[in-house]
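Notes for the one structure printed next.
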Amino acid sequence: MGLLNKLFGGGTKLDLTLDAAQIPAGGVLSGRLTLHGGKKALTLTSLKVRLVYFLVKSKEGSSLPEIDTRVILDQTLASGEDLPAETVRDYEFRFQIDKDTAPSGDGVSYKVMAAADIPKVADPTAEATFTITEGAGMDLDVLTLDDAYARWPNLQSDDEEELVDGLRDVHLACYSERENLQVLEPILAGHIRSGTTEVRKQALEAWANLLDGFVRKEHLKLLNELAAQRTMDRDFLREVITAAAKFADEGALPLIKELARSPDPEVREEVAQQLRFAASDKFKGKLDLLQSMAADPVDTVRAAVIGAYSDYRDNKKVMAWVAEQIGKDPSPKVQAACVSTLALLHHHGQGALTLQVYERCLGSEHQEVRKELTENLQWLGEENEAAIRRLAERLLADRDPEIRRSMAWQFVNLRDFPGLAPLVHRAAADPDPKVRADALFGMSSVTEAPQLVAIYRQRLGEEPTESIHWGVISGLRDHSETTEGQALLQELTRSPMSDIARSARELLGAE
């Protein structure tokens with residue numbers, strides 16, 4: 001220990017961590033400095049971080065090489081700060097690497113060097129070596145850091161709402177510009193580490209979308225660190241799970257497996273959901289993971305797993321197993337998930353299996369299962385019109401008015417089957433008023449305007465209730481530009497029901 005440290009207590013230390021040890025030319029070098037204060041109160045005069053270029057080349061006539069050293073970037077992170085005894089402070093830094101920067105190799109190397117100027121003690125220092133790779137192959141539209149801030153100025157805002165809006169805009173841009181926006185990764189990572197709860201959540205969502213297909217080891221490291229946190233907000237946890245599912249085929253499979261074994265059933269359910277909606281189709285290990293979760297003791301988890309099997313509709317063995325669960329698993333949630341997963345099998349030559357299961361489900365004691373049937377008839381394909389007619393007719397005669405109501409409403413999704421119109425026309429005379437109202441809406445997709453408006457006029461005359469009026473208004477949305485539809489809407493603008501009159505005017509464009 002030096003004399004200064006002996007006199008003034010010493011103990012100061014500077015740690016340097018890089019977010020990535022390999023950066024493409026044109027990319028961003030980022031990291032953190034952790035400054036540990038001394039045993040006594042001190043003052044930080046300045047904290048600087050530099051990017052240093054080294055070129056080592058042989059020197060003619062000498063056994064010693066010639067070394068060219070240049071500071072190519074310099075940044076002061078802090079100055080004039082008091083350092084109470086034993087304090088620990090973190091500082092983040094980012095360097096935009098010029099796209100013309102020479103890549104490492106052939107005697108070229110780079111270091112990040114940091115130093116804290118602290119009077120009365122030996123100045124703590126830290127350094128780290130990193131590699132700059134070729135930026136070739138990058139699109140000419142790749143953004144620089146300055147470009148990014150110019151495009152999304154809210155990313156530098158101190159206002160939480162504005163910052164969240166900026167992060168949300170970046171998230172959306174990633175869908176079409178992901179490759180050209182990689183410069184934003186350290187910015188998003190910084191907000192994930194140090195933002196408010198809402199900022200961290202939105203930054204993580206954008207970060208995961210940005211890196212999908214571009215994941216590196218340091219990204220997986222950050223994700224694992226986030227997953228290890230035990231006190232995170234539930235919404236933030238969902239984003240962690242979503243990111244892990246997105247990255248499962250890029251190295252995050254061990255993490256998603258660990259999350260799938262969580263003692264928290266909500267976490268396991270979210271894993272299954274995101275394996276369906278966020279993960280790549282059929283990545284290596286996905287089916288094995290789903291099979292390991294299929295016997296979960298919680299039915300909502302099992303139902304989510306059944307939903308994730310949708311990626312394997314072309315696998316006859318898997319779909320046969322799904323069909324068997326209708327009779328084996330007592331949970332209506334699981335059975336309903338089976339109905340949904342089997343809906344599109346006719347695209348894979350297994351339509352007969354779907355119809356067989358659906359016919360059996362008509363007699364299910366569970367309302368949830370029969371309701372799922374009403375919502376999936378639309379996917380059966382035009383070649384199954386006769387079967388759809390048979391199923392729809394039975395569902396419109398169901399003992400439960402909620403099932404009849406759902407089936408009547410679902411005709412709005414059966415526009416490719418105008419031949420089924422008489423079924424929903426009859427439903428408009430159902431004993432239940434809610435079924436009658438939803439049937440008026442449902443028939444709008446399978447009935448031409450002249451006949452539809454005639455039916456509407458008749459029903460309004462027979463039953464001028466508010467619910468019937470709303471059924472008519474809803475059904476006229478797709479017919480508001482027809483002569484018949486406009487005539488009826490004009491009449492409804494004079495309705496004594498103010499909400500009905502206003503909606504009619506809106507459909508006519510009068511408001």
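The values are calculated or read from the model by the stated rules, or taken from the named source; none is laboratory data. As the structure is a prediction and not an experimental result, all values here were calculated from the model. No Cβ is skipped: glycine too gets one built from the backbone with ideal geometry, and neighbour counts run over all protein chains shown. Surface accessibility is based on the protein's heavy atoms, side chains included, excluding ligands, DNA and RNA. Shrake-Rupley method; radii C 1.70, N 1.55, O 1.52, S 1.80 Å.
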Could you list, in sequence order, all residues of the stretch 70-97 that are part of a strand (DSSP E or B), within 30 Å of Leu55 (Cβ to Cβ) and not aromatic (Phe, Trp, Tyr)? Arg70, Val71, Ile72, Leu73, Asp74, Gln75, Thr76, Leu77, Glu92, Arg94, Gln96
For the structure I just gave you, tell me whether Glu402 is at pLDDT 95 or above, surrounded by fewer than 16 Cβ atoms within 10 Å (Cβ to Cβ) and touching a Gly at 6+ places or on another chain (Cβ under 9 Å). no
Test: Leu362 is in contact with a helix residue (DSSP H, G or I) (Cβ under 6 Å, 6 or more places away or on another chain) and buried (at least 23 other Cβ atoms within 10 Å of the Cβ): no
Going through the stretch 43-96 one residue at a time, which ones are over 30 Å from Gln182 (Cβ atoms) and open to solvent by less than 40 Å² (accessible area, probe 1.4 Å)? Leu44, Ser46, Leu83, Thr87
How many residues are over 28 Å from the mean Cα position of the chain (by Cα) and open to solvent by less than 20 Å² (accessible area, probe 1.4 Å) when one looks only at the stretch 330-349? 1
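Any idea how many residues of the stretch 108-153 are open to solvent by less than 50 Å² (accessible area, probe 1.4 Å) and either modelled with pLDDT of 85 or more or not in a loop (DSSP other than H, G, I, E, B) (or both)?
Count: 19.
Considering only residues that are assigned to a helix (DSSP H, G or I) and more than 18 Å from the chain's Cα centre (by Cα), look in the stretch 154-179 and name the one that is nearest to Thr197 (Cα to Cα).
Step by step, filter the stretch 154-179, then rank; the result is Glu160.
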Suppose the filter is among the aliphatic types (A, V, I, L, M), at pLDDT 95 or above, within 23 Å of Ser364 (Cα to Cα) and open to solvent by less than 50 Å² (accessible area, probe 1.4 Å); does Ala295 pass it? no
